[in-house]
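Each reported figure results from applying straightforward, stated rules to the coordinates on display, with no laboratory input. Here the structure is a predicted model, which is why all the values come from computation and not from measurement. Every residue, glycine among them, receives a Cβ derived from its backbone with ideal geometry; neighbour counts consider all protein chains shown.
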Amino acid sequence: MHFANSLEPAGLIQHFLRHPPEGFEPVATTHGQPGFYMDFNLFTTADPGTLKRLAALPASGLLQRLLTWRTLFFGTTVSEYLPTVPDVAPDTLVKSMLTTWRRASRLLIIKDIPEASPLLPTSESAAACALTAACKNTGFTLVAGQALAYVDIDFQDTDDYLSRLSSVRRKDIRRKLRVRGELQIEVIRTGSERLNDKSFLNEIYGLYLEVYAQSEIHFDKLSADFFTSVLQDETLDGHLFLYYANEKLIGFNLCLIHNGMLIDKYVGFHYPDARDFNLYFVSWMENLSFAASRQLSHYVAGWTDPEIKAYLGAKFTFTQHAVYVRNPLLRRILSRFSKLFEHDKAWFEEMQR
């Protein structure tokens, strides 16, 4: 099935629906709009100061449980934007999602609606804007989403790219890249014979789990079956970058090529080796070099770590979440305090001053 607003191939969303993250229950509207139920902590995306204050409260564990609600999300956690069913009017889409929900949970969230994205065709951006308006008109509260990082591939090579950064950043990044010569880098395609090796797949998944374990936000834990199905799917045009030090695998980065863009999807690092070899910086430059060599239009670097991505030269575009709370009183409270959940937007606005 084809989806609008999708920076990734539709096959990735099908893998998500067949092998959902831990605790997720996939669902779809009569039009085929994908979504999922999960138990959602309301303060998952709150700003760090709010989270710190909550953790310091007496009986904070009990409070966290009270703040965890059964929630229906429309969208996926494997797509950068809300994938929508094409040729369905925005008002109809919203009504079908509300009908599917039928107030069966305390909360309904339509996640990651694009906001004037430079990564989408004009027609899809206009449709996303109309969907946002339809949500607002139906009583949803709009909350700013995370910062999606991307880079225009308008340079010849990484030296050209680095020349556009400040001299201080350029010097620092080049210093961090000196370890590149000590690494062995291999790139293999999804669907290759090597990815039928179960022990190798387990090694890849173990690196993903290391990153998951050290992440501050735990929203979706992808399954080993999901990774296996994705890595063995040659139709995704996926490229698995493998990083070795002293013949030991210390990291991977899975990227997909779709609509002329390189989409950075998943990473796995072995610590502390990944930090010792500045793998974040090295992999960033490898991806840019790969995208330039393929004459792609953009490198889409994902949602997390916007500060370091800004340092590395990324631009940003945002989404909006449309939130519908069943209880009218709580709906008014959310509308009043929604700024607490817009950490990335506040960071970006501060950076622009």
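Cross-link list Lys111/Lys198; Lys176/Lys315; Lys95/Lys315; Lys111/Lys309; Lys176/Lys309; Lys198/Lys248: which exceed 26 angstrom alpha carbon to alpha carbon? Walk me through the intermediate numbers first.
On the way: Lys111/Lys198 34 Å; Lys176/Lys315 21 Å; Lys95/Lys315 34 Å; Lys111/Lys309 22 Å; Lys176/Lys309 15 Å; Lys198/Lys248 17 Å.
Lys111/Lys198; Lys95/Lys315, as the Cα separations exceed 26 Å there.
How high is the relative contact order of the stretch 154-296, given as a whole-number percent (alpha carbon pairs under 8 Å, six or more residues apart)?
On the way: 178 pairs, mean separation 41.8, N = 143.
The normalised contact order for the stretch 154-296 reaches 29 percent.
Hey, can you rank 104-115, 301-312 by average C-beta count inside 10 Å, highest first? Walk me through the intermediate numbers first.
On the way: 104-115: 21.1, 301-312: 17.5.
Going by the mean number of other Cβ atoms within 10 Å, highest first, we get 104-115, 301-312.
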Query raised in the report: Put a dot 7 Å past each Cα toward the Cβ at Val179 and Asp305; how far apart are the dots in nm?
Result: 1.2
Report task. Among Ala144, Thr158, Ile113, pick out the residue whose Cα is farthest towards the positive end of the charge dipole of the stretch 112-172, where Lys and Arg carry +1 and Asp and Glu carry -1 on C-beta, about the Cα centre. Result -> Ala144
Report summary line: Exposure proxy check on Met261, Met1: fewest-to-most Cβ neighbours within 10 Å is Met1, Met261
Query raised in the report: Short version: ³J(HN,Hα) in whole Hz for each residue of the stretch 298-307, in order, from phi by Karplus 6.51 cos²θ - 1.76 cosθ + 1.60 (θ = phi - 60°), x for Gly and Pro, what are they?
Result: 8, 10, 9, 9, x, 8, 7, 6, x, 4
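Within 10 Å, count the other beta carbons around each residue, average over each peptide in 69-80, 164-175, 8-19, and list them highest first. Walk me through the numbers before you get to the answer.
Details: 69-80: 21.5, 164-175: 12.7, 8-19: 19.2.
Put in order of decreasing packing, that is 69-80, 8-19, 164-175.
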Requested in this report: Report, to two decimal places, the Cα Rg of the stretch 154-296 normalised by 2.2 N^0.38 Å (N = number of residues).
Outcome: 1.08
Query raised in the report: When the dipole is taken about the Cα centre of the stretch 92-195, and only Lys, Arg (+1) and Asp, Glu (-1) are charged at their Cβ, what size is it in debye, to the nearest 20?
Result: 580
